[in-house]
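Novice: The structure's right below; bear with me while I get my questions together.
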Amino acid sequence: MTTQTALQTPVNRYGKWYKVGVLVLLVALYAWAVSGIPFTGIQSTAGEVARSILYGMFHPDWGFVYQPGGEDLLRGLLDTLSIAFLGTSVAAILAVPFAFWSAQNLHKYKTVSGSGKAILSLIRTFPEVVVALLFIKAVGPGSFAGVLALGLHFVGMLGKWFAEAMESIDLGPMEALTASGANRLQALWFAVVPQVMPHFTSLTLYGFEISVRSATILGIIGAGGIGTPLIFALQSRSWSRVGIILLGIIVMVTLIDYLSGFLRKKLV
Amino acid sequence: MAAKWYKLPLYNFRRERCYCGAKKGRFDGPMIEFQSVSKVYPNGTVGLKDIQLTIYPGEFVVIVGLSGAGKSTLLRSINRLHEITHGEILIDGKSITAARGKPLRMLRRDIGMIFQNFNLVKRSTVLRNVLSGRVAYHSTLRTLLGLFPREDVELALKALERVNIRDKAFVRADQLSGGQQQRVSIARALAQGAKIILADEPVASLDPLTTKQVMDDLKRINQESGITTMVNLHFVDLAREYATRIIGLRAGQLVFDGPVEAATDEAFAEIYGRPIDKDELLGRNGA
Amino acid sequence: MMTVPSKVATRSKSALTTVILFLLLWGSAVRTHTDLGHLVSGIGNMGDLFAEMVPPHSKYAQKIVNPLVQTLQMAILGTSLGGIVALPFVLLAARNVTRAPWLSWPARIVLNLIRTIPDLLLASIFVAIFGIGAFSGVLSLAVLSFGIISKLWYESAEAIDDGPLEAMTAVGANKLQWIAFGVVPQVLPIFTAHLLYTFEINVRAATILGLVGAGGIGLYLNNTLGLFQYQNTSVIVIAMLMIVFVIDFTSTKLRERLL
Ligand SMILES: Nc1ncnc2c1ncn2[C@@H]1O[C@H](COP(=O)(O)OP(=O)(O)OP(=O)(O)O)[C@@H](O)[C@H]1O
Ligand SMILES: [Mg+2]
């Protein structure tokens, strides 16, 4: 009864002030946000540069696609793909034990899975670019730093997804195996692994899609891949080269998305 | 045979049935007129076949027929949620078939619709759902800002009162039971100020008791305000209990049209193409 | 009879998959100059770096308050701008709202193409156009959010219940009223949740945009690393983690309440 009378009172009155309050808050928030962005330093050449970039996009430097001697678009893209592929693969392997650790339904105590999840979320919180910068400091610039950075970051991502996939499985078979005298490892291997394998594969493919995107920018900070020639082209203002690299990235990412989406659909 | 009942001199719905509350000036003209209406779906299915039908103000028409007979198609052609492929439908003398844009919306404004699954916005309050029936009366800007005039709010509350759920006005629609939700959608049609109410299996997802309440609401509104009402029903006994006139469809064709008294078991057997089944009865007395 | 050949087929299929996988792995390792020894020494080097980063130089914390605040401001503005621009595109791209394929298809293609461009790349381009500073950062975040949010939005707009839309048609509403009363109330909470989610992503992105000069805390990260002030670096990294963590946490809680 009490709830009914509470709900009966017209929400309008209260709602009006509520709305005004939210509005005032929003205005204040935006005023504050805008105050932090300096608009004075905008280049006077902005329009011109934008036009040149657009021009470059529509007149790409086709010659850069393949150059027999050296750094060209195809090799840059190949490097990028290699970094992403290796990074994701390593991460997928490392993520499996983490997933078993942090899947809640496989442990009696919540602290076990909780600690695993905490570690994974700590790893994920580091943006991969920051990780890459640190790795560059540690092992020097180049693709290898990129692989390490992506590998580490994606352990965090895949570990979480794997654990979630594992939490959604049917525990009946595991009970059945335990009942028939299997030890823990056997039970996991015969009851859990077959159930989660397709999920893991699909999630890894999805992770690969994302890591390809990440890998394209690693070169900007020196961790190999197509980002390196891109940042050179930007700095030397050769817009038609920027154009062809952008095109290359768009085409590659779209193709990978499409391919991986196709494979994932076949898996489930 | 039975389909030609209106040729008989005895029955005249205009005199007998719609005295109740129909407004002046509407007495003479038919409320809904189907002029040799046919509908073929894009995939070739025949939905309606040469329907010739006149509904007078204040009638309570129940449409019966097997699943797939074309009941929904018939009802939805009236407010043009479905397009017909041949013929013409007149609402209170105006062709809805030819109407476009604003005139179409104005015609629709006069026709309330009640759906099997209520079609309420679940997250909005009951009042807002009812008020949404009023949008076609006001300018776009006004309605987008939610500035309904006070009369509209009162109208909406009154409509809720008529279906006995005024106390739920400020409750979110998803907190209501199915029967209550259906009454909200009846209130929406009432607040809309509709001259016609179309109800497509309004009780199909309700239990027998709630079914009775909702049907009683529809009947009462029909009698009090003289709103022309057309209802699709699955249950023969419900049709007999509430209808003043029964229309039978089979494979898109009109196979029966007569007053409820003429709808004998034989007539139903003809509509269904077989004797009445147990599950076509709601069977409120037994089991 | 039937199972024998198919078993052989599955076997050879999975064998083939394994071989291809290994070839790809090997090729990737060659291209990226990775080998196991390298890997071990790399992890060792990382350990050395970490050793140099502790203890964090706590005094440095005062210096990064301003860029940290700016990072948040950039994320707020970027997300909002992206969301505002995305709205009309979303209505166009959602097939149950715009029932004209010749409008929804081009809208989708534009959205999908924009989504392929990663954050730092956008920032590098905007820095080239507008110069170094947070303004370029806001614009790149706007484009980034546009790409992310429009897809989330049109997919959830397509998942709404058709019933209320039909009811609004039956009531005689015009297209705008139809959207306001049929679509908006259904999508509002989920759209807000997506906006918050995009904001989380933007905060992460905003922390690194400074690396290419697009404002925020990232610039300081680069500087301290370049000057080998690793104890300052660790302060920045901790600050970044904290801000990302706090935003993620609050936003996740808010999103849970919305849905
Ligand atoms: N969108 C559509 N496209 C093609 N055919 C349709 C479509 N909608 C309905 N039909 C067909 O039209 C015929 C009439 O359908 P309708 O929905 O009007 O039947 P109904 O009498 O309302 O049935 P029910 O009692 O099951 O609701 C059926 O044969 C049906 O298969
Ligand atoms: Mg039907």
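Novice: Grab the DSSP H runs of chain B that are 4 residues or longer, score each as -39,500 (n - 2.57), total them, divide by all residues and round the 222 nm result to the nearest 500 deg cm²/dmol.
Specialist: Working: 10 runs with 92 residues, N = 287.
Helix-only estimate at 222 nm: -9000 deg cm²/dmol.
Novice: Need one value for A:234-243: mean number of C-beta atoms belonging to other chains within 10 Å of its residues' C-beta atoms. Can you show the working numbers first?
Specialist: Working: counts 6, 2, 0, 1, 0, 1, 0, 0, 4, 0.
Going residue by residue through A:234-243 and averaging, the value is 1.
Novice: Tell me the volume per residue, in Å³, of the convex hull enclosing the alpha carbons of the stretch B:164-213.
Specialist: Details: hull volume 4.4 nm³, N = 50.
Hull volume normalised by residue count: 88 Å³.
Novice: Another one. Output the antiparallel fraction of DSSP beta bridges having both residues in the protein assembly as shown, as a percent to the nearest 5. Write out the running numbers ahead of the final one.
Specialist: Numbers: 20 of 38 bridges.
Taking every DSSP beta bridge within the protein assembly as shown, about 55 percent pair in antiparallel fashion.
Novice: Specify the longest stretch of chain A that does not include any exposed loop site, a site being one of the chymotrypsin sites (Phe, Trp or Tyr not before Pro) with a non-H, G, I, E, B DSSP assignment and at most 10 other Cβ atoms within 10 Å. Display every interim value, and only then the final one.
Specialist: Working: sites that count: A:Tyr66, A:Tyr109.
After excluding every exposed loop site, the longest remaining stretch is A:110-268.
Novice: Kindly write out, for the stretch C:119-131 in residue order, the coupling ³J(HN,Hα) from the Karplus curve 6.51 cos²θ - 1.76 cosθ + 1.60 (θ = phi - 60°), rounded to whole Hz, with x marking Gly and Pro.
Specialist: Each residue of the stretch C:119-131 in turn: 4, 5, 5, 4, 4, 4, 5, 5, 5, 4, 7, 9, x Hz.
Novice: Filter the trypsin sites (Lys or Arg not before Pro) in the stretch B:34-124 to those in DSSP coil with at most 11 other Cβ atoms within 10 Å of their Cβ, and list the result.
Specialist: Values: sites: B:Lys39, B:Lys49, B:Lys71, B:Arg76, B:Arg80, B:Lys94, B:Arg100, B:Arg105, B:Arg108, B:Arg109, B:Lys122, B:Arg123; in loops: B:Arg80, B:Arg100, B:Lys122, B:Arg123.
Qualifying residues, ordered by number: B:Arg100.
Novice: Calculate for chain C the 222 nm mean residue ellipticity that helices alone would give, adding -39,500 (n - 2.57) per DSSP H run of length 4 or more and normalising by residue count, nearest 500 deg cm²/dmol.
Specialist: Details: 11 runs with 206 residues, N = 259.
So the helix-based figure for chain C works out to -27000 deg cm²/dmol.
Novice: Does anyone have the angle between helix B:178-191 and the longest principal axis of chain B? Alpha-carbon axes, 0 to 90°, nearest 10?
Specialist: With rounding to tens, the tilt is 80 degrees.
Novice: A further question follows. What are the trypsin sites (Lys or Arg not before Pro) within the stretch C:1-95 that DSSP puts in a loop, where the Cβ has at most 14 other Cβ atoms within 10 Å?
Specialist: On the way: sites: C:Lys7, C:Arg11, C:Lys13, C:Arg31, C:Lys59, C:Lys63, C:Arg95; in loops: C:Arg95.
When the trypsin sites (Lys or Arg not before Pro) of the stretch C:1-95 are filtered for loop state and at most 14 Cβ neighbours within 10 Å, nothing remains.
Novice: Also, quick follow-up: Which part of the stretch B:97-113 falls in the paramagnetic zone of C:Leu176, meaning amide N under 16 Å from the point 7 Å along Cα-to-beta-carbon?
Specialist: Counting backbone N atoms under 16 Å from the label point, the list is B:102.
Novice: Let me ask something additional. Looking only at C:Ala94, C:Ala205, C:Ala15, which one moves most when chain C is put into a Gaussian network model with springs between Cα atoms under 10 Å?
Specialist: Top of the fluctuation ranking is C:Ala15.
Novice: Enumerate the amide H contacts of B:Ile114 below 5 Å, restricted to partners 5 or more residues apart or on another chain; note that Pro and chain-start residues carry no placed amide H.
Specialist: B:Leu198, B:Ala199, B:Asp200
Novice: Using label points projected 7 Å from each Cα along Cα→Cβ, tell me how many nm separate B:Glu154 and B:Ser67, to one decimal.
Specialist: 4.8
Novice: Taking a point 7 angstrom from the Cα of C:Ser58 along the C-beta vector, which residues in the stretch C:219-237 have backbone N less than 19 Å away?
Specialist: Label zone hits: C:230-237.
Novice: Which entries of B:Lys158/B:Lys219; A:Lys266/C:Lys13; C:Lys63/C:Lys253; B:Lys158/C:Lys175 have Cα-Cα distances beyond 22 Å here?
Specialist: On the way: B:Lys158/B:Lys219 17 Å; A:Lys266/C:Lys13 14 Å; C:Lys63/C:Lys253 30 Å; B:Lys158/C:Lys175 28 Å.
Distance filter (> 22 Å) returns C:Lys63/C:Lys253; B:Lys158/C:Lys175.
Novice: Related question: Filter the GluC sites (Glu not before Pro) in the stretch B:121-168 to those in DSSP coil with at most 11 other Cβ atoms within 10 Å of their Cβ, and list the result.
Specialist: Values: sites: B:Glu151, B:Glu154, B:Glu161; in loops: none.
Qualifying residues, ordered by number: none.
Novice: Shifting gears a bit: Label points 7 Å out from Cα along the Cβ direction at C:Phe22 and A:Leu29: separation in nm?
Specialist: Distance between label points: 5.5 nm.
Novice: If you take the Cα atoms of the protein assembly as shown, find Rg, then find the Kirkwood Rh from the mean of 1/r over all pairs, what is Rg/Rh? Before the final figure, lay out each step's value.
Specialist: Numbers: Rg = 33.6 Å, Rh = 31.4 Å.
Result: Rg/Rh = 1.07.
Novice: For chain B, report the translational diffusion coefficient in µm²/s to the nearest whole number, using Stokes-Einstein at 10 °C, 1.306 mPa s, and a Kirkwood Rh over Cα pairs. Walk me through the numbers before you get to the answer.
Specialist: Values: Rh = 19.4 Å.
Reported coefficient: 82 µm²/s.
Novice: May I pose another question? How much mean residue ellipticity at 222 nm does chain A get from its helices, if each DSSP H run of length 4 or more adds -39500 (n - 2.57) and you divide by all residues, to the nearest 500 deg cm²/dmol? Let's see the in-between values first.
Specialist: Values: 12 runs with 204 residues, N = 268.
Result for chain A: -25500 deg cm²/dmol, rounded to the nearest 500.
Novice: Another question, then. Taking Cα pairs under 8 Å and at least six residues apart, what relative contact order does chain A come out at, in percent?
Specialist: Numbers: 315 pairs, mean separation 70.4, N = 268.
That works out to 26 percent.
Novice: Considering all projection directions equally, how large on average is the shadow of the alpha-carbon convex hull of the stretch B:117-194, in square nanometres? Before the final figure, lay out the partial values.
Specialist: Numbers: hull surface 18.7 nm².
Approximately 4.7 nm², given one-decimal rounding.
Novice: Of all the C-alpha pairs in the stretch C:53-258, what % are more than 29 Å from each other?
Specialist: Numbers: 7486 of 21115 pairs.
Cα-Cα pairs of the stretch C:53-258 separated by over 29 Å account for 35 percent.
Novice: Could you check the spin-label model distance between C:Ser12 and C:Ala100? Points 7 Å from the Cα along Cα→Cβ, value in nm.
Specialist: Here the answer is 5.4 nm between the modelled labels.
Novice: Taking every pair of alpha-carbon atoms in chain A, what share in percent sits in each 5 Å bin, from 0 to the bin with the longest distance?
Specialist: With 5 Å bins starting at 0, P(r) equals 1, 5, 9, 11, 11, 10, 10, 10, 9, 8, 6, 5, 3, 1, 0, 0, 0.
Novice: Can you give the FRET efficiency for B:Val46 and B:Ser95, using 1/(1 + (r/R0)^6), R0 = 25 Å, r = Cβ-Cβ distance, to the nearest 0.05? If you can, show how the numbers build up before the last one.
Specialist: Numbers: r = 23 Å, r/R0 = 0.91.
Result of the calculation: an efficiency of 0.65.
No value in this document is a laboratory result; all are computed from the given coordinates. Treat the numbers as computed from the prediction; the structure is a model and nothing was measured. Cβ sites come from the backbone with ideal geometry, for glycine too, and all protein chains shown count toward neighbours.
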